[in-house]
Amino acid sequence: MTRREERELAFTLIFEKIFNDELTVAEIVDIAIDAELLESDNLFAISLAQMTDEHKEEFDSIIAENAVGWRLERLPKVSVAILRLALCEMLYVESIPVKVSANEAVELAKKFGTKDDASFINGLLGKVIREKDLK
């Protein structure tokens, strides 16, 4: 499975967590494995989803600071999940270049969101990259 496919699985887990906050990511993973939607060897997807959930408050703070004119609660859930995932990669996964994470987030938004989601995510992540001087 490619990194892009694993990232898409991680997005799905993070998105599911938004709607089932009473469940842990591990419980969501178990349900997905039981339903044969995920395999236990999708380690990158699973670890990325868990790490994203662990740092959710940090990512939400960054999103809120940079989403000028938008409250986090009003953002589309797809965008929130994608932004959390991208920020996790950008800040905590050193093996993936920051620009790759940002580009992959835009591609996820094009696939799962609207055309407005993709441009919003691109702009917000670009702002974060410049402000935090990420490379």
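Quick note: the coordinates plus some simple rules give every number you see, no bench work behind them. Quick caveat, the model's predicted, so the values are computed rather than measured. Here Cβ is always computed from backbone atoms with ideal geometry, including for glycine, and neighbour counts include all displayed protein chains.
Side notes on the structure shown:
- Complete set of residues in the range 84-101 that are crowded, with 21+ Cβ neighbours inside 10 Å and not hydroxyl-bearing (Ser, Thr, Tyr): Arg84, Leu85, Ala86, Leu87, Cys88, Glu89, Met90
- Some residue of the range 75-83 being exposed (fewer than 14 other Cβ atoms within 10 Å of the Cβ) and within 15 Å of the chain's Cα centre (by Cα): yes
- So Ser47, is it touching a residue at least 12 places away in the same chain (Cβ under 8 Å) and small (Gly, Ala, Ser): no
- Among residues of the range 120-133 that are over 15 Å from Cys88 (Cα atoms), those with a beta-carbon under 6 Å from a residue that is assigned to a helix (DSSP H, G or I) and among the β-branched types (Val, Ile, Thr) at least six positions away or on a different chain give the pairs Asn122/Val106.
- When Lys111 is tested against (1) among the basic types (Lys, Arg); (2) in contact with an Asp or Glu (Cβ under 9 Å, 6 or more places away or on another chain); (3) farther than 17 Å from Glu16 by Cα, just one condition goes unmet, and that condition is (3).
- Taking the range 58-135 as the region of interest, the helices (runs of 4 or more DSSP H) fully inside it that hold 3 or more residues being closer than 20 Å to Ile46 by Cβ and not acidic (Asp, Glu) are 77-92, 98-112.
- Condition broken by Val29, with the remaining ones in (1) assigned to a helix (DSSP H, G or I); (2) within 23 Å of Leu124 (Cβ to Cβ) satisfied: (2)
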